[in-house]
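The structure appears right after this line, and notes come after that.
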Amino acid sequence: ELGITALHVKIRATGGNGTKTPGPGAQSALRALARSGMKIGRIEDVTPTPSDSTRRKGGRRGRRL
């Protein structure tokens with residue numbers, strides 16, 4: 001039978017100003033792929049990380065409530 005049997009996985013979080021760690025959906029998606037019979041080769045984190053700091057939203061005086 002032909003088809004996709006093995007794959008490399010790239011996991012990406014928000015990055016930048018957001019969270020640097022992938023959410024709970026990434027782990028469950030990976031587990032579902034493994035359970036469906038896929039052979040997982042390489043798991044790579046491709047979250048964008050800034051080389052310099054990026055400005056957070058909210059402006060100079062921050063978020064005012």
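Computed quantities for the displayed model
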{"read-out": "Whichever aspartates and glutamates have a C-alpha closer than 19 Å to that of LYS20, once near sequence neighbours (fewer than 8 apart) are set aside", "value": "GLU44, ASP45, ASP52"}
{"read-out": "Residue order, fewest to most beta carbons within 10 Å, for VAL9, VAL46", "value": "VAL46, VAL9"}
{"read-out": "Local net charge near THR19, Cβ-Cβ under 14 Å (Lys/Arg +1, Asp/Glu -1)", "value": "+2"}
{"read-out": "Rounded to whole Hz, the Karplus (6.51, -1.76, 1.60) HN-Hα couplings of the range 56-65, x for glycine and proline", "value": "6, 6, x, x, 5, 9, x, 7, 9, 9"}
{"read-out": "Förster-model FRET efficiency, 25 Å R0, ALA34 and THR14, C-beta, rounded to 0.05", "value": "0.55"}
{"read-out": "Of the trypsin sites (Lys or Arg not before Pro) in the chain, those whose Cβ has at most 16 other Cβ within 10 Å and which sit in DSSP loop", "value": "ARG12, LYS20, ARG55, ARG56, LYS57, ARG60, ARG61, ARG63, ARG64"}
{"read-out": "Helix axis angle, 24-35 relative to the chain longest principal axis, alpha carbon, degrees", "value": "10"}
{"read-out": "Normalised contact order of the chain, rounded percent, pairs of Cα under 8 Å and 6 or more residues apart", "value": "44"}
{"read-out": "Compactness of the chain as Cα Rg over 2.2 N^0.38 Å, two decimals", "value": "1.64"}
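All of the numbers you see were taken from the coordinates with simple rules; none came from a lab. This is a predicted model, so every value here is computed, not measured. Cβ atoms come from the backbone with ideal geometry, glycine included; neighbour counts cover every protein chain shown.
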